[in-house]
Amino acid sequence: MSAVVSPRVTGRMVAGGILIVLGALFTLDNFGVLDAGDIVQYWPLLLVAFGISKAMQTRHRDQKIAGIVIAVVGGLLLVRSLHLVSFRLRELWPVFFLAVGALLVWESFRRRASSPGDPAERALAGAREGLAGHRGESVPLGAVLNEFAFMGGGDRVVR
């Protein structure tokens, strides 16, 4: 007996659906059936919907935060396009620096104040024990590599 597999919603399906809706919208606008300008002003609702769905579907904390941020940005753009609040986007770009800086500082404090029950701390303790057992000696607390890469990455081999 074969089970019926329901199609999974992918990014291509969503993008194709958006293109179909936009094509139909602008075609109806060209024939004078409706005014696309009245409907297009609601485009930030796509960001709000995407952000909310991303925040609801994931289990990872970082992806939930990203979904919430996308939804908030979409909400701000929607409020602006509906002329409820007037602001220029060029006035808001420093907020990006504030948000990224606050996130980096928050993560730094959170990692520093982690408890022994924290999964990251347990993993580090297990790595120290494994290294000590391999060498037959004790590993000092500072013998663990802690690195940070901003807008990049790196590969390390530690022996």
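Subtracting the Cα-Cα distance of residue 24 and residue 156 from 0.36 nm times their residue separation leaves 42.3 nm of extension gain. Extending 7 Å from Cα along the Cβ direction at residue 73 and again at residue 88 yields two label points whose distance is 2.1 nm.
Solvent exposure of residue 56, expressed as accessible area, is near 150 Å², computed with a probe of 1.4 Å over the protein chains only. Other residues whose C-beta falls under 14 angstrom from the C-beta of residue 55 contribute a net charge of +3, scoring Lys and Arg +1 and Asp and Glu -1.
The values are calculated or read from the model by the stated rules, or taken from the named source; none is laboratory data. Small disclaimer: the values here were computed from a predicted structure and weren't measured. Glycine gets a Cβ as well: all are built from the backbone with ideal geometry, and neighbour counts include every protein chain shown. Note: accessible area is taken over every heavy atom of the protein model, side chains too, but ligands, DNA and RNA are not part of it. Shrake-Rupley method; radii C 1.70, N 1.55, O 1.52, S 1.80 Å.
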